[in-house]
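Q: Once you've had a glance at the structure underneath, I'll fire off some questions.
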Amino acid sequence: MSTYNVRIKEPAEEWLNRYNKNIQRHFAKKIRKLKEFPESHGKPLRAPLHGYWELYFEKSFRIIYSIDLENRIVYVEAIKHKDEF
């Protein structure tokens, strides 16, 4: 089985660094899942965010990501608390 590379974009990384180690650990677990099957763990978003996917963790946080199928890369675009959207 071929895995995907996960790249966290700078705004998402800055957001993640603001939170405690426990939240960061839960985020890392979700990222491991995205490496294997990014389309089966997330949910595709509709317009105006068509082309992006979301994945919830800790019941109140969202990972927004895009998938480059050709190059097998998952780009983590944003990580937000549900109240920040």
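Coordinate-derived values only; no laboratory data. This structure is a prediction, so every number in the text was calculated from the model and none was measured. Neighbour counts run over all protein chains shown; Cβ positions are idealised from the backbone, glycine included.
Q: Here is a list: Ser60, Ser40. Which entry is in contact with a His (Cβ under 7 Å, 6 or more places away or on another chain) and polar (S, T, N, Q)?
A: Working: Ser40 fails: in contact with a His (Cβ under 7 Å, 6 or more places away or on another chain).
Being in contact with a His (Cβ under 7 Å, 6 or more places away or on another chain) and polar (S, T, N, Q) holds for just one of Ser60, Ser40, which is Ser60.
Q: The conditions are (1) in contact with a strand residue (DSSP E or B) (Cβ under 8 Å, 6 or more places away or on another chain); (2) surrounded by fewer than 16 Cβ atoms within 10 Å (Cβ to Cβ); (3) not polar (S, T, N, Q), and Arg18 fails exactly one of them. Which is it?
A: (1)
Q: Can you name the helices (runs of 4 or more DSSP H) wholly within the stretch 1-47 that have at least 3 residues being touching a residue at least 24 places away in the same chain (Cβ under 8 Å)?
A: 10-17, 21-36
Q: Same structure again: Among (1) of a type outside the set (Lys, Arg); (2) touching a Ser or Thr at 6+ places or on another chain (Cβ under 8 Å); (3) outside any loop (DSSP other than H, G, I, E, B); (4) more than 17 Å from Leu16 (Cα to Cα), where does Tyr75 come up short?
A: (4)
Q: Within the stretch 54-71, restricting attention to residues that are closer than 15 Å to Ser40 by Cβ and touching a strand residue (DSSP E or B) at 6+ places or on another chain (Cβ under 8 Å), which residue is surrounded by the fewest Cβ atoms within 10 Å (Cβ to Cβ)? Write out each step before concluding.
A: Initially, the stretch 54-71 is screened for residues closer than 15 Å to Ser40 by Cβ, giving 54-56, 63, 65, 67, 69.
From the residues that got through so far, the ones that are touching a strand residue (DSSP E or B) at 6+ places or on another chain (Cβ under 8 Å) too are 54-56, 63, 65, 67.
Values: Glu54: 16, Leu55: 19, Tyr56: 14, Ile63: 24, Tyr65: 26, Ile67: 19.
Checking each candidate, the answer is Tyr56.
Q: Here is a list of conditions, (1) in a strand (DSSP E or B); (2) more than 18 Å from Glu77 (Cβ to Cβ); (3) not basic (Lys, Arg), and Glu54 meets all of them except one; can you say which number that is?
A: Every listed condition holds for Glu54 apart from (2).
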